[in-house]
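Take a look at the structure set out below.
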Amino acid sequence: MSPISVLNRSAVPAEIPQITPDVRIPAVLGTDLEVPVKGDRLVPYANLDYAASAPCLEAVNAAVAAALPAYSSVHRGAGYASQLTTARYEQARHTVKAFAGARPDDALIFTRNTTDAMNLLARTLPEGTTVVVFETEHHASLLPWSRVVRLAAPAFPGEAIRAADEALSELDGPALLVVTAASNVTGELWPIAGLAHIAHRHGARIAVDAAQLVPHRRLNLSALDLDYVAFSGHKLYAPFGAGALIGRADWLAAALPYLRGGGAVKAVGDDQTEWSDDTEARHEAGTPNVLGAIALAAACDALSATGWTALVREEERLVARLRAGLATIEGVTELSLWDHEHPRVGIVSFVVEGRSAREVAEILSSQHGIGVRDGKFCAHPFVRHLLGTADGGCDDDTASAVRASIGLGSTEEHVDRLIEALRAL
């Protein structure tokens with residue numbers, strides 16, 4: 001069976017439910033942005049590139065603006081502004097941990113993004129740790145490890161669990177299973193609870209790349225029994241350069257600091273250094289991105305306050321509308337790893353017969369004011385697998401697709417404009 005999943009046109013619903021008018025979605029900045037298109041016209045921008053970077057929530061912008069007048073350095077200042085900024089920074093840590101459903105004794109290290117978080121975790125693994133990872137991962141989760149067992153793309157979710165079980169059973173010593181929660185290429189949700197169970201049965205731990213999950217679904221680290229999760233603020237409507245690694249503190253506490261500098265130390269002598277016993281301070285050397293942490297926490301608060309039921313319902317309506325529309329266009333093929341009905345977040349990737357991905361993206365932008373992503377989406381092996389070009393080298397430019405991704409601020413008009421523009425091709 002081809003790894004490219006062609007939509008079953010007979011399965012497309014005749015009608016897509018309309019958006020419920022009483023659902024109040026958190027507002028994002030940029031909804032009034034107009035962009036130039038062919039003919040020297042300005043049109044409202046249809047942002048369908050949320051999976052790359054989501055726009056800023058108005059609530060996030062307000063939280064940062066409120067913090068700026070008293071902004072100061074954290075943790076080591078006696079002045080009022082420093083004390084207030086420190087309190088806001090540590091409150092942000094508490095808020096983000098609660099958003100992720102962390103255990104009380106879990107550590108949260110503020111990082112730059114998911115890539116930074118996974119590289120931090122890689123630096124703190126016990127000596128001799130083997131990492132098991134699928135080729136379907138984003139590069140942030142695929143590349144940081146030095147001792148790796150890489151698994152092929154599973155044909156169905158149960159195959160992912162079986163393959164992880166088999167790989168972990170053959171290992172001696174510490175092991176870490178690394179997996180995405182939601183694919184940044186197809187949007188498909190992975191069976192992370194089942195994979196966590198398998199990992200723990202073999203005495204291994206699991207680290208989850210939740211970058212594409214947390215903007216779309218509730219995450220509960222403790223309920224899922226995950227050891228580590230990582231995600232980025234710029235995917236979560238908080239584009240201020242912060243991310244987070246959350247999880248069990250013992251490996252982090254035993255490792256040398258990820259960065260060495262002020263704040264990571266207890267004392268520095270002429271010929272020796274005593275590192276901080278505070279696990280979080282140990283790995284947050286230097287002045288941290290305080291505003292990024294405040295922004296991330298504000299986004300977490302805004303999404304939690306809205307309620308995930310309403311957010312998921314609205315997203316599923318728009319995704320169904322998009323996928324149904326694509327299925328009606330001859331020559332457009334959606335990419336899926338698993339079956340058409342498998343649950344997914346607001347990400348849809350596709351190819352257009354006879355057109356390169358870059359050509360399609362440029363036409364959508366220059367003629368229709370639509371922003372999408374084209375390329376391999378920092379998941380080169382996975383995209384080559386989906387397109388049946390898995391034997392291509394690293395420089396194979398043919399393995400590219402177009403990705404449309406939706407989120408807060410996406411509308412039916414955006415989706416319909418994309419469908420009509422593709423039909424016009």
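General observations
- Region 312-358: number of residues that are farther than 17 Å from R384 by Cα and outside any loop (DSSP other than H, G, I, E, B): 19
- Residues being surrounded by 20 or more Cβ atoms within 10 Å (Cβ to Cβ) and over 22 Å from K235 (Cα atoms) - total across region 89-107: 1
- Odd one out for A223 among (1) touching a residue at least 60 places away in the same chain (Cβ under 8 Å); (2) part of a helix (DSSP H, G or I); (3) buried (at least 24 other Cβ atoms within 10 Å of the Cβ); (4) among the aliphatic types (A, V, I, L, M): (3)
The rows are residues; the columns are (1) surrounded by fewer than 15 Cβ atoms within 10 Å (Cβ to Cβ); (2) within 20 Å of D416 (Cβ to Cβ).
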{"position": "E316", "(1), (2)": "no, yes"}
{"position": "L326", "(1), (2)": "no, yes"}
{"position": "I329", "(1), (2)": "no, yes"}
{"position": "W338", "(1), (2)": "no, no"}
{"position": "P343", "(1), (2)": "yes, no"}
{"position": "A379", "(1), (2)": "no, no"}
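- Taking the criterion of being hydrophobic (A, V, I, L, M, F, W, C) and not in a helix (DSSP H, G or I), the residues of region 80-121 that qualify are A100, A102, A107, L108, I109, F110.
- When restricted to residues that are surrounded by 19 or more Cβ atoms within 10 Å (Cβ to Cβ) and more than 18 Å from R123 (Cβ to Cβ), region 260-296 contains 8.
- Only listed residue being crowded, with 16+ Cβ neighbours inside 10 Å, under 30 Å from D301 (Cα atoms), at pLDDT 55 or above and not small (G, A, S), chosen from D49, D32: D49
- Residues of region 67-81 that are modelled with pLDDT of 95 or more and surrounded by 17 or more Cβ atoms within 10 Å (Cβ to Cβ): A67 alone.
- In summary, R218 fulfils each of the numbered conditions (1) touching a residue at least 24 places away in the same chain (Cβ under 8 Å); (2) outside any loop (DSSP other than H, G, I, E, B); (3) of a type in the set (K, R) with the single exception of condition (2).
- Residue that is closer than 26 Å to T111 by Cα and in contact with a strand residue (DSSP E or B) (Cβ under 9 Å, 6 or more places away or on another chain), where the choices are L259, L221: L221
- Residue ranges of strands (runs of 3 or more DSSP E) in region 240-309 with at least 1 members within 20 Å of K97 (Cβ to Cβ) and not charged (D, E, K, R): 243-247
- Of A62, A54, all but one fail to be hydrophobic (A, V, I, L, M, F, W, C), in contact with a helix residue (DSSP H, G or I) (Cβ under 8 Å, 6 or more places away or on another chain), more than 17 Å from F231 (Cα to Cα) and in contact (Cβ under 8 Å) with a residue 60 or more places away in the chain; the exception is A62.
- I246 vs. criteria crowded, with 18+ Cβ neighbours inside 10 Å, farther than 23 Å from W275 by Cβ and aliphatic (A, V, I, L, M): no
- Per the conditions (1) touching a residue at least 12 places away in the same chain (Cβ under 8 Å); (2) on the phi < 0 side of the Ramachandran plot; (3) not in a helix (DSSP H, G or I), the sole criterion not satisfied by G77 is (1).
- Any chance V64 is in a strand (DSSP E or B) and at pLDDT 95 or above: no
- Of the residues I406, I419, the single one that is modelled with pLDDT of 95 or more, surrounded by fewer than 23 Cβ atoms within 10 Å (Cβ to Cβ), touching a helix residue (DSSP H, G or I) at 6+ places or on another chain (Cβ under 9 Å) and within 25 Å of R313 (Cβ to Cβ) is I419.
- Hits in region 141-194 (condition: of a type in the set (S, T, N, Q), assigned to a loop (DSSP other than H, G, I, E, B) and surrounded by fewer than 21 Cβ atoms within 10 Å (Cβ to Cβ)): S146
- Which listed residue is crowded, with 21+ Cβ neighbours inside 10 Å and under 20 Å from A193 (Cα atoms), from F134, F110: F134
The values are calculated or read from the model by the stated rules, or taken from the named source; none is laboratory data. It should be emphasised that the depicted structure is a prediction, and the values quoted were computed from it without experimental measurement. Ideal geometry is used to build each Cβ from the backbone, glycine not excepted, and the neighbour counts take in all protein chains shown.
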